[in-house]
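Heads up, the thing below is written out as structure tokens.
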Amino acid sequence: MPAQQVSKTPNLPTASSVPQNPAEMTPHEKTLDAESFAQQRLAVWQKRLNLHDWNVSVIVSRARDLKPKTLGNIHWDADKKSAVIRVLDPADYRLPWNATLDDIECTVVHELVHLELSSLPRNAASRRDEEHAVVQITSALLGLDHAHPPANATAKAATGTAGTASRVNNPAQ
Ligand SMILES: [Zn+2]
């Protein structure tokens, strides 16, 4: 990814954090910073996607707590209108800090798009099509926001009123 296209900053105006040099942050501080960042972006995108009737939370998870080769997932309960998004801990990224945050935002948007589509009927064949659509829509949304294309990704979709979906790691990373 060309450096000039990395537009996401870690020093968004938050009450709890002052801008820090990522090189001086401990892994724990990075986890907390990523969690705060993911929560901020979740709030923004949940509003944009008109999903405010859902109670969505975000959790930073280590790779060992996600399915292999995935960058995150979402589990939802349509009856309770609640969902939990998991995003990969910065400790398990091998990207520069800004690119890591960009990718975490991409996971948040990707999983919210799955949530947006969660009321549609699903079968084994439609899941692959859904995943393709989710990747394309996420790319377009983030492109509008950042004026750069996010990393390609493919993943699995979900079933039933309770659902789950994962964002699969880009093999290029
Ligand atoms: Zn997906």
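The values are calculated or read from the model by the stated rules, or taken from the named source; none is laboratory data. Just so you know, these numbers come straight off a predicted model, no measurement behind them. Cβ: placed from backbone, ideal geometry, glycine included. Neighbour counts: every protein chain shown.
Any idea how many residues of the range 42-66 are surrounded by 16 or more Cβ atoms within 10 Å (Cβ to Cβ) and either in contact with a Ser or Thr (Cβ under 6 Å, 6 or more places away or on another chain) or free of Cβ contacts under 8 Å to residues at least 60 places away in the same chain (or both)? Going through the range 42-66 one residue at a time, the tally reaches 5.
Listed here are the residues, each with its yes/no results for (1) under 20 Å from residue 29 (Cβ atoms); (2) part of a loop (DSSP other than H, G, I, E, B).
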position	(1), (2)
47	no, no
75	no, no
99	yes, no
120	no, yes
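Tally the residues that are surrounded by fewer than 17 Cβ atoms within 10 Å (Cβ to Cβ), closer than 16 Å to residue 166 by Cβ and in contact (Cβ under 8 Å) with a residue 40 or more places away in the chain, restricting the search to the range 116-132. Count: 0. When you scan the range 136-152, do you find a residue that is part of a helix (DSSP H, G or I), within 12 Å of the ligand (Cβ to nearest atom) and either touching a residue at least 60 places away in the same chain (Cβ under 8 Å) or hydrophobic (A, V, I, L, M, F, W, C) (or both), even just one? Among the residues of the range 136-152, at least one is part of a helix (DSSP H, G or I), within 12 Å of the ligand (Cβ to nearest atom) and either touching a residue at least 60 places away in the same chain (Cβ under 8 Å) or hydrophobic (A, V, I, L, M, F, W, C) (or both), which makes the answer yes. Counting only residues that are at pLDDT below 95 and under 16 Å from the mean Cα position of the chain (by Cα), the range 10-66 holds 1 of them. Here residue 72 passes the criteria (1) buried (at least 21 other Cβ atoms within 10 Å of the Cβ); (2) on the phi < 0 side of the Ramachandran plot except the one numbered (2).
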